[in-house]
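J.: My structure is below; once you've seen it, I'll send some questions.
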C-alpha cells in the first residue's frame, strides 16, 4: 500500500489535494463575469476530486451558507461548503485515500487553507499585484455560491455571492481581485456578503432585497433542502417559481430568434428552406439496404446537426421545453461523501408526476451482472417521447409527424410509433454479464456476447413486433426467448435463459449499497467494477496501468429514482469504494 505518512494531529484545518487549475504556459484569456460562476464549479470539482477544508466544528448540520446572503425569492441556487462537518471530513478522507491518483504526491497539511489553494494561482498571473496574506485572506470568508434572482425589467439574472469577514477590506481589494480574474462587473459589499452581478444596480438591489428576508429563512428553501437528505459539501436548489420563470425566458429567447431570422422559413415550423423537403421520399430509405440510416439523413441533412448552420432552434422545440419547465414546482439536491465514496441525493416536484407501478427489474438479474439499467412500465412516457421526437424532427425538416412515422416504418419494418409502446411500454431492463470476454466476443461474433434485454408485457405481441424488424443483421441480435409476462432478447441463448430465471443481484451487498431503494425505484442504473474486471483488464478496455490501479478501488456505481406517495420525486446517485 502507499505510505501516507503519520496521520496529522487534530487541527482547525485539514486540506487534502492541491495543484494548479491551468498549466503555467497556458495563455490567459479575457473572461466575462460568468467566470466567477465557473469558479463555483471549479471549487466543487476540487472538493469532489481531492480537496477538503475542515473546521473545528463537530457533528453534521446544514449550515445556511450563502443562502443567508440572498433574497427569499431567489429562483435557483448552488453553493459549495468550504467548511464541511466533521462527519464529511472523515468520509472524504476515507474515500480519497484509497486512490493512488490522490495519494501520489499529495500533501496532508493541517495548516493548509482551501481558499488559498483555490485562488493562489490567479494571484500569480501577469498584471495581478495581489498578495494572498495581505490582500485576500483578511476579508474572504468561507462561503461561496451562485444564484439566479428575479429582477424588475431585466428578467432572471445570475449573481455570485461571497462571504466577507471585513467589509472595508473587501470593498478596497475585491475589485482588484475581480480584475485579476478578468471580471469587471457590478459589485455590492454589505451585511457580511459580496454580491457580484452584471452591474452595480443589480448587485445592490440583491443586497437590499435580502434585508427584507433571506433565502436561508424561506420555508420552501428549508423544506426542499431537508428533503434532499443530510448536509454535504454542496447544495443546489430550485424554487417553486423557477420553472415558470425559466419558461418565460424561453419565450423571450424564441422572440429574439424570430427577430434574428435564424428560424424563419416555412410558416410556424421555423425550418430553413435548405432543410425542408416538401415530402419524405420513402424510396430514399430503402435504396441502400447496407446503409438504411443514410437515407434518413438524406431527406434531412440537418436532423443530427449536419448541414450548413447546424440545428436551428425552432418555436415548436422551445414550446416543448417551456411546457416541461413550467411543470417544475421546486426541488433540491445535496452532494456529500458517504459509504467511503460519494452520493448525490435529489428531491423535486413536477406537476402531473405519478408513481409508476412496477420496478426497474434490476433486483432479479444474475448476481454476476456487470452493468444494468432498467425502467418500469411507462406507456404514456413512451408516447410523450415519441411525440416530442416527431415534433422536433418536423420542425427541423418539414413534412408532418404522419410522414415521418411512415418513413421510419418503411426503414425498420415496424408500425411506428404503436410498436414502440408494445416493446417498451411494459418496462425494459438491460444487463451485461460479468463473464463477458471481449476477446471471445471479437472472435466468436455477437452470438457469444452475454448481454440481453428483458421486455415486459404480452410475450406473443412482443415477439411478433421483434420478428418484423427488417434492419440488416437485426434478427441475430434480437433473438428472443419467451417467459411468463416477459421476453428475453439477446444474441446468446444461454444468457437469455439466465435472464428468465430469478437472479440474486438484489441480495448482494455491493448492489444494495448503491441502489438502496431498488424495490421502490421505477428507474435504476448499476455498474459493478468487480464484475467488469475482465473487460477492464483486457486490451479492449483501453485503460492504462494507472487508470486500472484507480479503478481497482471502485466498488460500484448506482442510481435510482422514484416517486413517493406524496408525489415527491426522489433520486440517488452513489459511488462506493473498497
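The values are calculated or read from the model by the stated rules, or taken from the named source; none is laboratory data. These numbers come from a predicted model, not from an experiment. Note: ideal-geometry Cβ built from the backbone for every residue, glycine included; neighbour counts use all protein chains shown.
J.: Considering only residues that are touching a helix residue (DSSP H, G or I) at 6+ places or on another chain (Cβ under 6 Å) and in a loop (DSSP other than H, G, I, E, B), look in region 440-467 and name the one that is nearest to residue 366 (Cα to Cα).
T.: 450
Conditions tested, residue by residue: (1) touching a strand residue (DSSP E or B) at 6+ places or on another chain (Cβ under 8 Å); (2) crowded, with 16+ Cβ neighbours inside 10 Å; (3) modelled with pLDDT under 70.
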position: 534; (1), (2), (3): no, yes, no
position: 549; (1), (2), (3): no, no, no
position: 552; (1), (2), (3): no, yes, no
position: 556; (1), (2), (3): yes, yes, no
position: 559; (1), (2), (3): yes, yes, no
position: 563; (1), (2), (3): yes, yes, no
position: 568; (1), (2), (3): yes, yes, no
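J.: Okay, moving on. Quickly run through region 507-520 and pick out the residues that are in a helix (DSSP H, G or I) and either surrounded by 21 or more Cβ atoms within 10 Å (Cβ to Cβ) or in contact (Cβ under 8 Å) with a residue 40 or more places away in the chain (or both).
T.: If the condition is that a residue be in a helix (DSSP H, G or I) and either surrounded by 21 or more Cβ atoms within 10 Å (Cβ to Cβ) or in contact (Cβ under 8 Å) with a residue 40 or more places away in the chain (or both), then 507, 510, 511, 513, 514 are the ones that fit.
Every residue, every condition in (1) under 23 Å from the mean Cα position of the chain (by Cα); (2) surrounded by fewer than 14 Cβ atoms within 10 Å (Cβ to Cβ); (3) at pLDDT below 90; (4) part of a loop (DSSP other than H, G, I, E, B), yes or no:
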position: 204; (1), (2), (3), (4): no, no, no, no
position: 223; (1), (2), (3), (4): yes, yes, no, no
position: 232; (1), (2), (3), (4): yes, no, yes, yes
position: 255; (1), (2), (3), (4): no, yes, yes, no
position: 259; (1), (2), (3), (4): no, yes, yes, no
position: 265; (1), (2), (3), (4): no, no, yes, yes
position: 268; (1), (2), (3), (4): no, yes, yes, no
position: 277; (1), (2), (3), (4): no, no, yes, yes
position: 289; (1), (2), (3), (4): no, yes, yes, yes
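J.: Here's another thing I want to ask about it. So residue 470 fits all but one of (1) modelled with pLDDT of 95 or more; (2) touching a helix residue (DSSP H, G or I) at 6+ places or on another chain (Cβ under 7 Å); (3) not in a helix (DSSP H, G or I); what number is the exception?
T.: With (1) modelled with pLDDT of 95 or more; (2) touching a helix residue (DSSP H, G or I) at 6+ places or on another chain (Cβ under 7 Å); (3) not in a helix (DSSP H, G or I) applied to residue 470, the lone miss is (1).
J.: For residue 481, indicate whether it is crowded, with 18+ Cβ neighbours inside 10 Å, more than 26 Å from the chain's Cα centre (by Cα) and within 30 Å of residue 536 (Cβ to Cβ).
T.: Values: crowded, with 18+ Cβ neighbours inside 10 Å: yes; more than 26 Å from the chain's Cα centre (by Cα): yes; within 30 Å of residue 536 (Cβ to Cβ): yes.
Judged against the criteria, residue 481 is a match.
J.: Among the candidates 153, 182, 145, single out the residue that is within 31 Å of the chain's Cα centre (by Cα) and either over 18 Å from residue 74 (Cβ atoms) or not in a strand (DSSP E or B) (or both).
T.: Working: 153 fails: within 31 Å of the chain's Cα centre (by Cα); 145 fails: either over 18 Å from residue 74 (Cβ atoms) or not in a strand (DSSP E or B) (or both).
Sole residue among the options that is within 31 Å of the chain's Cα centre (by Cα) and either over 18 Å from residue 74 (Cβ atoms) or not in a strand (DSSP E or B) (or both): 182.
J.: Cβ contacts < 7 Å: first residue farther than 19 Å from residue 450 by Cβ, restricted to region 470-486; second residue assigned to a strand (DSSP E or B), any location; separation 6+ or different chain. Result?
T.: Correct list of pairs: 485/456.
J.: Given the options 560, 504, name the one that is in the same structural domain as residue 436 (by TED's automatic domain parsing), under 25 Å from the mean Cα position of the chain (by Cα) and in contact (Cβ under 8 Å) with a residue 24 or more places away in the chain. Spell out the reasoning first.
T.: Numbers: 504 fails: under 25 Å from the mean Cα position of the chain (by Cα).
When all the criteria are applied, what remains is 560.
J.: Being under 30 Å from residue 322 (Cα atoms) and in contact with a helix residue (DSSP H, G or I) (Cβ under 6 Å, 6 or more places away or on another chain): is that true of residue 190 here? Explain how you work it out, then say what you get.
T.: Working: under 30 Å from residue 322 (Cα atoms): no; in contact with a helix residue (DSSP H, G or I) (Cβ under 6 Å, 6 or more places away or on another chain): yes.
So residue 190 does not fit the description; no.
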